[in-house]
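The values are calculated or read from the model by the stated rules, or taken from the named source; none is laboratory data. Just so you know, these numbers come straight off a predicted model, no measurement behind them. For neighbour counting, all protein chains shown are included, and Cβ atoms are generated from backbone atoms with ideal geometry for every residue, glycine included. For the accessible areas, the whole protein counts, side chains as well, though only heavy atoms, and no ligand, DNA or RNA atoms are used. Shrake-Rupley method; radii C 1.70, N 1.55, O 1.52, S 1.80 Å.
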Amino acid sequence: MTDQLTDPVTRYPGGGYPEQSQDAPGLESELRPGADHGEDSYRGTGKLTGRKALVTGADSGIGRATAIAYAREGADVVLNYLPSEQSDAEEVARLVEQAGRKAVLAPADISVEEEARGLVRRAVEELGGLDLVANIAGEQQYVEDLADVTTEQFDRTFRTNVYALFWIVQEALPHLPAGATIVNTSSIQAYQPSPGLVDYASTKATINTMSKALAQQLAPKGIRVNVVAPGPFWTPLQASGGQPTEKLPEFGAETPLGRAGQPAELAGAYVYLASPESSYVTGETLNVNGGMPTP
Ligand code: NAD
Ligand code: MG
């Protein structure tokens with residue numbers, strides 16, 4: 001079989017992930033087995049040459065795969081993450097620089113308004129402008145019983161997933177030229193919420209709707225807003241409280257393709273929605289979820 005004819009069922013192993021748990025946010029360097037972010041496979045073709053990108057959650061998982069792809073497509077990238085993830089982020093910076101692009105390490109807790117806004121100001125300064133914002137950071141903690149969901153958790157989930165999006169986009173707007181693109185991150189959870197992810201699933205539905213409204217508002221300015229909605233992907237988020245540990249071995253088995261996705265399988269979606277190849281697409285949610293039907 002050549003690269004161009006790949007069986008999606010067997011491309012990656014299905015299930016068999018060992019039970020494991022880390023404190024949130026987990027580290028990719030401690031995830032077993034490690035995930036595929038396209039390090040050895042993603043080939044750029046200049047789709048984002050000269051673009052100035054801010055990627056949140058860029059240290060690991062989906063954000064890492066996106067940052068690598070953006071750099072290989074020719075973009076300079078500001079990498080945002082939490083301070084405890086410095087070592088993961090440095091690995092991504094190395095890969096971005098290996099692609100010949102500028103990498104800026106920008107730790108910030110985006111659940112805090114001043115840090116979220118400061119992150120955007122720093123990105124504009126370091127890149128000499130901004131024309132691509134990929135909001136990928138996310139907070140997800142599985143709690144079986146609503147009685148055990150603390151106000152603190154509920155608040156942190158909404159601040160990280162929803163408020164930060166508002167703060168980052170609002171702060172970025174005065175700097176975004178026509179042609180700029182915003183790519184947000186929803187989830188299959190927006191349509192098929194798990195009983196133990198009441199707060200998280202709700203934020204993801206909000207992100208879909210918020211993005212559609214923003215897309216309407218920004219279309220006349222030539223700024224497009226789209227969303228990627230992943231299904232189950234193998235990332236530290238899932239091994240640091242996103243799922244109950246006993247569910248990890250079967251993670252992703254419920255999808256028609258019968259396995260979890262790897263972050264590398266999302267890079268193309270984030271590149272497509274960021275690049276002029278999608279110039280007539282805005283307000284759209286692109287589902288990348290192993291075949292689970294969505295509205
Ligand atoms: P991940 O743990 O690799 O990435 C999440 C990142 O969010 C972390 O690396 C961290 O840097 C960042 N983050 C969390 N809280 C933050 C805060 N307060 N300030 C700054 N950064 C913060 O996991 P991932 O699965 O790659 O998650 C990326 C996105 O994909 C999230 O929005 C998640 O909701 C979404 N998603 C993931 C899946 C999945 O199955 N993995 C499915 C659907 C959606
Ligand atoms: Mg991380």
Axial C-alpha extent at least 24 Å, average Kyte-Doolittle at least -1.0 - helices from the chain (DSSP): 198-218
Nearest-10 value in Å² for the accessible area of Thr151, using the 1.4 Å probe: 110 Å²
The stretch 83-158: radius of gyration over Cα atoms, expressed as a fraction of 2.2 N^0.38 Å: 1.40
Virtual spin-label span in nm between Ala219 and Arg32, 7 Å along Cα→Cβ: 5.1 nm
Residue-normalised accessible area of the chain, given per residue in Å² at a 1.4 Å probe: 43 Å²
Global form of the stretch 47-93, assessed from the alpha-carbon gyration tensor, a/c cut-off 1.5: prolate
Computed over the stretch 155-267, Kirkwood Rh from alpha-carbon pairs, angstrom: 15.5 Å
All-pairs Cα distance distribution in the stretch 1-134, expressed in whole percent, bin size 10 Å: 12, 39, 31, 15, 3, 0
In nm, spacing of pseudo-spin labels at Ala147 and Arg94 (7 Å Cα→C-beta vector): 4.9 nm
Euclidean distance of C-alpha centroids, the stretch 63-130 and the stretch 206-269, integer Å: 20 Å
Distribution of pairwise C-alpha distances over the stretch 168-233, 10 Å bins, in %: 21, 46, 24, 9, 0
The chain, accessible surface, carbon-and-sulfur percent (1.4 angstrom probe): 52 percent
Where the Cα pairs of the chain fall when distances are cut into 5 Å bins, in %: 1, 6, 13, 18, 20, 19, 13, 7, 3, 1, 0
